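J.: Dropping the structure in here first, questions after.
The values are calculated or read from the model by the stated rules, or taken from the named source; none is laboratory data. As the structure is a computational prediction, the values presented were derived from the model and not from experiment. Quick reminder, even Gly has a Cβ in these numbers, built from the backbone with ideal geometry, and neighbours come from all protein chains shown. Just so you know, the surface numbers come from the protein's heavy atoms only, side chains and all, with ligands and any DNA or RNA stripped out. Shrake-Rupley method; radii C 1.70, N 1.55, O 1.52, S 1.80 Å.
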Amino acid sequence: MFSATSIADFLACPHLNALKKAELAGQIKRPFFADPGLEVLKKLGLAHEEEYLRRLRDEQRLSVVSIPVGISWGDAASQTVTAMRSRADAIYQATFLQSAVRSASSQRSKSASSQPSLFSEDQAEPLTWFGRADFLIRVDKPSVFGNWSYEVVETKLARSTKVRAIIQLCFYSDLLANLQRVVPDFMHVVLGGGKESEKFFVQKYLAYFRKTRREFEAANIAAPITYPEPVEHCRVCDWSTVCDERWHADDHLSLVAGITRNQRKALVEVEVSNVARLATLPRDTKVERIAPAPLLRIREQARMQMEGRQTRKPVFELLELAPTLEKRGDIEPSQTGLAALPSPSAGDLFLDFEGDPFAFDQGLEYLIGTITIEDGNPHYESIWSFDPQSEKRAFEEFIAKVKQIRERFPEMHIYHYAAYEPTAIKHLAGRHGVCTGEVDELLRAGVFVDLHRVVRQSLRASVESYSIKKMEAFYGFTRSVPLRDATSSLQAFEAVLALGDEPEEVREILKTIADYNRDDCLSTWKLREWLEQLRTELETKLGKSIPRPQPKSGAPSDDLKEQLTEITLLKEQLVNGFPSEETEWTNEQRASWLLAQLLEWHRREDKSIWWEYFRLCELSEDELIEDKNALGGLIYVGVVEQVKKSLIHRYSFPVQDHAIDRALEVHDPRTRESAGTLTELDELNLTVDLKRVKNSDKPHPSALIPRDFVDSKRLVESLIRIAHSVADKGVCH
């Protein structure tokens, strides 16, 4: 018997099916791990489901038939059909059971409707399918039961609909079609986080679903030999430790830090199937579909990991410094590796966040931890949040603290490891609508320093992953809280937040989390100190100084500053005198408040585009190849055509996932200027054509990034004029 989860798991990882069969045959045993986080998700999911059930009954006044879950599948399926025949408004826990002996042709011969089945024309069905949909909702479309039929509704905690959910919806819609002899028009998802429900046209997804189901059926009949290729599902899979043991036993290529799936496939095609073989690959070897620079990088990474295995200790080597690019106009070139380290300051701050993405619908950054250095000694501070209101206050307190430090030490920087912290700060500013100007200034000034990027661009280490915990062996940092204890405490606290318990009642858990967060901040500091030491040693070896990033004020331009001042005054005028409680506002006051928020709406929307644009500009050549938002590894081929006063230049590129053809404009991330007009992209021959004026003096790009910015200046000016008019009249209609 197979369910929607069986097909979704097969889609996520074909090897899962083989593991489950081996478990049923008694050949292997599924690992068991106590996962408080999983239990939390189950409880949250059930609460979300019950809330939707309440809305159906109490708000929409629908008659809902609940199918018991404690009875046999056959009885539950029979009761579901009875409820459908009785014309119930909604059916909760609708249960399906489909016999293994039926075929598509026999189904159609029994059908009382001319509507098509989801089954393919001649496909026999060798498996038994079963499932339990969250809800069926009655719609006005004729079926075998009468002038009504049903559509499937699933409740999901996610903020957006994932592929697994679509497969599940198709699966239930398939079984439902066989019962009511008509294919539903739509299938629905009730999302978490206060998001609007989404609906999907069933026929749009049938071909994909049929293909996936046929492949699943073939895999169960033929039982092909599969291998546990690393996929996204590995992060949440019960069998992950079993597969990890096999990867290490086989010396699988996925153990090479930073290698991509496409690169692994290309290497296997030339009989390079393990880390040891890659490490000894001749340097002049060419591999189709891997550019020379990425091939050299993964080859050298494999060599370093093999050296670490042989010496049984962590080893590393520094990479060559990237050449300093020339300044073009007002644009300072991005610096990479050890050259990206700013001068240490007495005001430097080392930052780490702890958050729960499922708390309070929108998520919660419940701990902001910082370390400052006073007389050479670290000083740790933590700011806690247990609800959205305290999160807003904590964020404002953190930004005020940073502002205070910058006033004393204008050259200070905020160090973090990987992108989570600055991303969270951007989200907090947008979520609460506070400190947006201050955050913008910090970003423009280059205050945030990502040490993960510095590490990846400056050295090569004998690690399978460049997480900070893997790097700690190199700078001798020992944590005070074992990772297992920390993980358990984090999951337990998330359960406290999810279930509405009182956080202050779990003081011991809070202490463990604070100590773990302090370890992360301390580790970031120690890493910075180690990198500075490496920088000094390299300068001594080179006999010259390594340039550092030039300080930037981050202050907005005079025009922007003037506009922001004007908007601030207008917002104050538009909401002046409003009652403190929003429930007491009149309709006119609500309209004025909405107009006040619209004054900065375009600028807030533009920020995310610019943030992404400048993030791409900071990436190395290898990172641009691996980033799906860019097209990297371009090699100039030559001129292929002349169009009036312009030339069409052709560039080749290595195989990579990208979406550059969707860009409104394409820019060169090194010059931050237009790279030309994209005229053709040939995925088969791996070439891209750019039209540029004949006398262009711009260098040929080695990568392309999107510039999807749409100028909203006139729209903002129009809103400001409307706001002035409303503010002068004192009323908004």
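J.: So which residues in segment 280-320 are in a helix (DSSP H, G or I) and open to solvent by 50 Å² or more (accessible area, probe 1.4 Å)?
T.: Matches in segment 280-320: 292, 293, 296, 303, 307, 309, 310, 311.
J.: If you don't mind, another one. Looking only at segment 477-500, decide whether some residue is within 30 Å of residue 608 (Cα to Cα), among the charged types (D, E, K, R), at pLDDT 75 or above and in contact with a Lys or Arg (Cβ under 9 Å, 6 or more places away or on another chain).
T.: Taking every residue of segment 477-500 in turn, none turns out to be within 30 Å of residue 608 (Cα to Cα), among the charged types (D, E, K, R), at pLDDT 75 or above and in contact with a Lys or Arg (Cβ under 9 Å, 6 or more places away or on another chain).
J.: Please work out which residue is nearest to the chain's Cα centre (by Cα), limiting yourself to segment 193-211 and to residues that are part of a helix (DSSP H, G or I) and more than 26 Å from residue 81 (Cβ to Cβ).
T.: Checking each candidate, the answer is 208.
J.: Something else now. Can you name the condition, by its number, that residue 398 falls short on among (1) open to solvent by less than 10 Å² (accessible area, probe 1.4 Å); (2) closer than 28 Å to residue 618 by Cα; (3) touching a helix residue (DSSP H, G or I) at 6+ places or on another chain (Cβ under 8 Å)?
T.: Exception for residue 398: condition (3).
J.: If we keep just the residues of segment 675-686 that are open to solvent by less than 50 Å² (accessible area, probe 1.4 Å) and in contact (Cβ under 8 Å) with a residue 24 or more places away in the chain, which is nearest to residue 613 (Cα to Cα)? Quick ask: steps written out before the conclusion?
T.: From segment 675-686, those open to solvent by less than 50 Å² (accessible area, probe 1.4 Å) are 675-676, 681-682, 686; that's our starting set.
In the following step, the residues that additionally are in contact (Cβ under 8 Å) with a residue 24 or more places away in the chain were identified as 675-676, 686.
Numbers: 675: 14, 676: 17, 686: 24 Å.
The qualifying residue nearest to residue 613 (Cα to Cα) is 675.
J.: Quick check: is even one residue across segment 452-470 in a helix (DSSP H, G or I), over 24 Å from residue 372 (Cα atoms) and in contact with a Leu (Cβ under 8 Å, 6 or more places away or on another chain)?
T.: yes
J.: Scan segment 572-588 for residues that are without any contact (Cβ under 8 Å) to a residue 60 or more places away in the chain and either in a helix (DSSP H, G or I) or touching a Lys or Arg at 6+ places or on another chain (Cβ under 6 Å) (or both) and jot them down.
T.: 572, 582, 583, 584, 587 - these are the residues of segment 572-588 that are without any contact (Cβ under 8 Å) to a residue 60 or more places away in the chain and either in a helix (DSSP H, G or I) or touching a Lys or Arg at 6+ places or on another chain (Cβ under 6 Å) (or both).
J.: Got at least one residue in segment 250-258 being assigned to a helix (DSSP H, G or I) and farther than 30 Å from residue 530 by Cβ?
T.: Yes, segment 250-258 contains at least one residue that is assigned to a helix (DSSP H, G or I) and farther than 30 Å from residue 530 by Cβ.
J.: Here is a follow-up. Looking for something surrounded by fewer than 21 Cβ atoms within 10 Å (Cβ to Cβ), more than 27 Å from the chain's Cα centre (by Cα) and at pLDDT below 75 - is there at least one such residue anywhere in segment 508-523?
T.: no
J.: May I ask you to list pairs of residues, at least six apart or on different chains, whose Cβ atoms are under 6 Å apart, with the first in segment 648-663 being within 12 Å of residue 682 (Cα to Cα) and of a type in the set (A, V, I, L, M, F, W, C) and the second being at pLDDT below 90 and in a loop (DSSP other than H, G, I, E, B)?
T.: Within 6 Å, the pairs are 655/289.
J.: Count, please, the residues in segment 125-171 that happen to be of a type in the set (A, V, I, L, M, F, W, C) and out of contact with any strand residue (DSSP E or B) (no Cβ under 9 Å at 6 or more places or on another chain).
T.: Summing the residues that are of a type in the set (A, V, I, L, M, F, W, C) and out of contact with any strand residue (DSSP E or B) (no Cβ under 9 Å at 6 or more places or on another chain) in segment 125-171 gives 5.
J.: Oh, and also: Can you find a residue in segment 183-192 that is modelled with pLDDT of 95 or more, under 20 Å from residue 84 (Cα atoms), acidic (Asp, Glu) and surrounded by fewer than 19 Cβ atoms within 10 Å (Cβ to Cβ)?
T.: The answer is yes; a qualifying residue exists.
J.: Looking at (1) open to solvent by 30 Å² or more (accessible area, probe 1.4 Å); (2) farther than 21 Å from residue 601 by Cα; (3) touching a helix residue (DSSP H, G or I) at 6+ places or on another chain (Cβ under 6 Å); (4) without any contact (Cβ under 8 Å) to a residue 60 or more places away in the chain, which is the only condition residue 460 fails?
T.: (4)
J.: Here is a follow-up. Can you find a residue in segment 592-602 that is touching a Ser or Thr at 6+ places or on another chain (Cβ under 6 Å) and surrounded by 13 or more Cβ atoms within 10 Å (Cβ to Cβ)?
T.: As a first pass, look at segment 592-602 and keep what is touching a Ser or Thr at 6+ places or on another chain (Cβ under 6 Å): 602.
After this cut, where a residue has to be surrounded by 13 or more Cβ atoms within 10 Å (Cβ to Cβ) as well, the list is 602.
Yes, that holds for at least one residue.
J.: Quick check on segment 626-661: of everything there that is touching a Lys or Arg at 6+ places or on another chain (Cβ under 7 Å) and not in a strand (DSSP E or B), which residue is nearest to residue 292 (Cα to Cα)?
T.: Across segment 626-661, the extreme among qualifying residues is 654.
For every residue, the table says whether it meets (1) closer than 27 Å to residue 232 by Cα; (2) open to solvent by 50 Å² or more (accessible area, probe 1.4 Å).
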{"site": "24", "(1), (2)": "yes, yes"}
{"site": "42", "(1), (2)": "yes, yes"}
{"site": "66", "(1), (2)": "no, yes"}
{"site": "77", "(1), (2)": "no, no"}
{"site": "90", "(1), (2)": "no, no"}
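Residue by residue, here is whether (1) open to solvent by 60 Å² or more (accessible area, probe 1.4 Å); (2) over 30 Å from residue 307 (Cβ atoms) holds:
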| site | (1), (2) |
| --- | --- |
| 407 | yes, yes |
| 420 | yes, yes |
| 431 | yes, yes |
| 436 | no, yes |
| 442 | no, yes |
| 478 | yes, no |
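J.: Let me ask another. Residue 221 passes all but one of (1) open to solvent by less than 20 Å² (accessible area, probe 1.4 Å); (2) of a type in the set (Val, Ile, Thr); (3) part of a helix (DSSP H, G or I); which number fails?
T.: (1)
J.: Restricting to segment 277-316, count the residues that are charged (D, E, K, R) and without any contact (Cβ under 8 Å) to a residue 24 or more places away in the chain. Write out each step before concluding.
T.: We begin by selecting, within segment 277-316, every residue charged (D, E, K, R); these are 277, 283-284, 286, 288-289, 297, 299-300, 303, 307, 309, 312-313.
Restricting the remaining residues to those that are without any contact (Cβ under 8 Å) to a residue 24 or more places away in the chain gives 277, 283-284, 286, 288, 299, 312-313.
Summing the residues that are charged (D, E, K, R) and without any contact (Cβ under 8 Å) to a residue 24 or more places away in the chain in segment 277-316 gives 8.
J.: Please find, among 552, 607, 561, the residue that is assigned to a helix (DSSP H, G or I), open to solvent by 40 Å² or more (accessible area, probe 1.4 Å), under 25 Å from residue 430 (Cα atoms) and of a type in the set (Lys, Arg).
T.: Answer to the selection: 561.
J.: Identify the single condition in (1) open to solvent by less than 70 Å² (accessible area, probe 1.4 Å); (2) in a loop (DSSP other than H, G, I, E, B) that residue 689 does not satisfy, given that it satisfies every other one.
T.: Result: residue 689 passes all but (2).
J.: Just need a number here: residues in segment 229-259 that are open to solvent by 40 Å² or more (accessible area, probe 1.4 Å) and closer than 18 Å to residue 463 by Cβ.
T.: Number of matching residues: 2.
J.: How many residues, within segment 357-385, are touching a residue at least 40 places away in the same chain (Cβ under 8 Å), part of a strand (DSSP E or B) and open to solvent by 10 Å² or more (accessible area, probe 1.4 Å)?
T.: Result for segment 357-385: 6.
J.: Whether any residue in segment 165-181 is assigned to a loop (DSSP other than H, G, I, E, B) and modelled with pLDDT of 90 or more is what I want to check.
T.: Taking segment 165-181 first, the residues assigned to a loop (DSSP other than H, G, I, E, B) are 181.
Add one more test, that the residue is modelled with pLDDT of 90 or more, and what stays is 181.
Yes: segment 165-181 contains one or more residues that are assigned to a loop (DSSP other than H, G, I, E, B) and modelled with pLDDT of 90 or more.
J.: Among the candidates 277, 235, 264, which residue alone is basic (Lys, Arg), modelled with pLDDT of 95 or more and in a helix (DSSP H, G or I)?
T.: Working: 235 fails: modelled with pLDDT of 95 or more; 264 fails: modelled with pLDDT of 95 or more.
Going through 277, 235, 264 in turn, the sole match is 277.
J.: What's the total number of residues in segment 692-713 that are closer than 27 Å to residue 588 by Cβ and open to solvent by 30 Å² or more (accessible area, probe 1.4 Å)?
T.: 0
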